[in-house]
Amino acid sequence: MRIFSGIQPTGQKHLGNYIGAIVQYVASQERGEGIFCIVDLHAITVPFDPAELRERGYDTAAILLAAGLDPERCTLFRQSDVPEHTELTWLLSSVTELGRLQRMHQFRDKSFGQRELVSAALLLYPVLQAADVLAYRASEVPVGEDQREHLELMRDAARRFNARFGDGDEVLVVPEHRIPQVGARIMDLQDPTRKMSTTGGSPQGTVFVLDEPAAIGKKLRGAVTDSGSEVCRAPEKPGVSNLIEILAAVRGVEPAAVEAEFASAGYGEFKAAVAGAVVDYLAPVRERYLQLRADETALEAILEDGARRAHEMAHATMLDVRKRMGLGAPRRDRALR
Ligand code: AQP
């Protein structure tokens, strides 16, 4: 089984990215053929600095490797190194409804926040995301809850393509969304009604994987809690519910087990326990990151090797896609570029 997921090249991966996505990537290496992509083409849909973009790609690769991705067991690569992603985006745009792209939550939120240019690339972001996955005929996509809308568009693009061009075959695999049971939506510590986010979050409410241990402890001990004093999940207790979810994810237990353990504890004691657990959880990742990040040549070699393997897989899909759509010369399998 092929498992695909993409992650933005920002050096600042937060606890939501880590629990909601990265931990799942690492676990999926046990279940199937993992293909993980640093999506630099997605990053250019909003303002960016070219020199920074390359550096942040290395940061992200080092975080993923530090978390436990093993280049011997999975394919880790940079999106812009595999040209099939952009080609398939264009082809899929022919079976994607414009109005639906304009209504996507992420497009509306991000275009609203743009002061200068709302690029056409921002509108096409979900089509590129669909191409990322469909190019590999992956059957599973481990991502957080916030990606549900994009996953549905991707599934519909595959279904429409197959209905229009498949002649009864599943040319493009309709993938399944895999959301973690615990930690699918980690919330901002200062505003627990909003998801923890790289661009939209509060500095004190966002725990970064590479934060110093002291900073992590401070942010968690300073997390907003709710009225009342009981450590339990409830709709009117988003702050405490979020901390329960975080501790459960970090310890790999059910949230109910956390509630039982802290049934007679106060908020202060509970927050100190969450802070300690998250510090211990992220400290070894940070240490490994610092070692890996120091060797850019080695990181580049891993990404290049991953791109070569990814290119082979995507190329095979594209031969079939082009043929089905009547594109290119007939009966000529283009050699790998
Ligand atoms: N708060 C979250 N809880 C659980 N999972 C989350 N993800 C993002 N936020 C949370 C998941 O992280 C994966 C990688 O995300 P990304 O780095 O590619 O960026 P993103 O999805 O745009 O989310 P960010 O990092 O927080 O950025 P912005 O500022 O755009 O909101 C994805 O699988 C996502 O589901």
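The values are calculated or read from the model by the stated rules, or taken from the named source; none is laboratory data. Worth saying up front: this structure is predicted, and the values here are computed from it rather than measured. No Cβ is skipped: glycine too gets one built from the backbone with ideal geometry, and neighbour counts run over all protein chains shown. The protein model used for the area step is the full one, side chains on, heavy atoms only, and it has no ligands, DNA or RNA in it. Shrake-Rupley method; radii C 1.70, N 1.55, O 1.52, S 1.80 Å.
At 1.4 Å probe size, with the rest of the protein present, what percent of the exposed accessible area of the chain is carbon and sulfur atoms?
So the carbon and sulfur contribution to the accessible surface is 52 percent.
Taking a threshold of 21 Å on the Cα-Cα distance, which of the pairs LYS13/LYS219; LYS110/LYS219; LYS110/LYS218; LYS237/LYS271; LYS195/LYS218 fall above it?
LYS110/LYS219; LYS110/LYS218
For every helix of n ≥ 4 consecutive DSSP H residues, a contribution of -39,500 (n - 2.57) applies; sum these over the chain, divide by its total residues, and give [θ] at 222 nm rounded to the nearest 500 deg cm²/dmol. Show your work: numbers first, answer last.
On the way: 13 runs with 173 residues, N = 337.
About -16500 deg cm²/dmol.
Which ³J(HN,Hα) values in Hz, rounded to whole numbers, follow from the phi angles of segment 121-137 under the Karplus curve 6.51 cos²θ - 1.76 cosθ + 1.60, where θ = phi - 60° and Gly and Pro get x?
Values, residue by residue: 4, 5, 5, 7, 3, x, 6, 4, 5, 5, 4, 3, 7, 5, 4, 9, 6 Hz.
Collect residues whose amide H, placed 1.01 Å from N in the peptide plane, falls under 5 Å from the amide H of ASP226; neighbours closer than 5 in sequence don't count.
Excluding prolines and chain starts, which carry no amide H, the hits are VAL240.
Residues with beta-carbon under 9 Å from that of GLY32, excluding GLY32: net charge, scoring Lys, Arg +1 and Asp, Glu -1?
Counting the neighbours of GLY32, the net charge comes to -1.
Could you give me the ³J(HN,Hα) list for segment 157-164, computed from phi with Karplus coefficients 6.51, -1.76, 1.60 and θ = phi - 60°, whole Hz, x at Gly and Pro?
Rounded to whole hertz, the list is 4, 5, 4, 5, 4, 5, 5, 7.
Work out, step by step, the length gained on full extension between ASP109 and THR199: first 0.36 nm times the residue separation, then minus their alpha carbon distance; give nm to one decimal.
The ASP109-THR199 span can extend by a further 31.3 nm.
Apply the Karplus parameterisation 6.51 cos²θ - 1.76 cosθ + 1.60, with θ equal to phi minus 60°, to every residue of segment 198-206 and state each ³J(HN,Hα) to the nearest whole Hz, in sequence, with x for glycine and proline.
5, 9, x, x, 8, x, 6, x, 10
Please give the net charge around ASP169, taking every other residue with its beta carbon less than 11 angstrom from that of ASP169, where Lys and Arg add +1 and Asp and Glu add -1.
-2
Could you work out how much longer the chain between ASP226 and ALA272 gets when fully extended? Use 0.36 nm per residue separation minus the Cα distance between them, nm to one decimal.
Contour length minus the Cα-Cα distance gives 15.0 nm.
Would you grab the residues whose amide H sits under 5 Å from the one on HIS14? Only those 5+ places off in sequence or on another chain, please, with H modelled 1.01 Å from N.
VAL209
Rolling a 1.4 Å sphere over the protein heavy atoms, what is the accessible area per residue of segment 137-242, to the nearest Å²?
Details: 5020 Å² over 106 residues.
So segment 137-242 comes to 47 Å² accessible per residue, rounded to a whole number.
Can you check what the net charge comes to around LEU91, using other residues whose Cβ is under 14 Å from the Cβ of LEU91 (Lys, Arg +1; Asp, Glu -1)?
Net local charge, LEU91 excluded: +1.
Please give the solvent-accessible surface of VAL173 in Å², to the nearest 10, using a probe radius of 1.4 Å with every protein chain present.
It works out to around 30 Å².
Between ASP156 and VAL118, what is the label-point separation in nm under the 7 Å Cα-to-beta-carbon projection?
Each label point is offset 7 Å from its Cα along the Cβ direction, giving 1.9 nm.
Return the long-range amide H neighbours of ARG78 (sequence gap of 5 or more, or a different chain), with a cut-off of under 5 Å between placed amide H atoms.
Residues meeting the amide H criterion: ILE38, ALA307.
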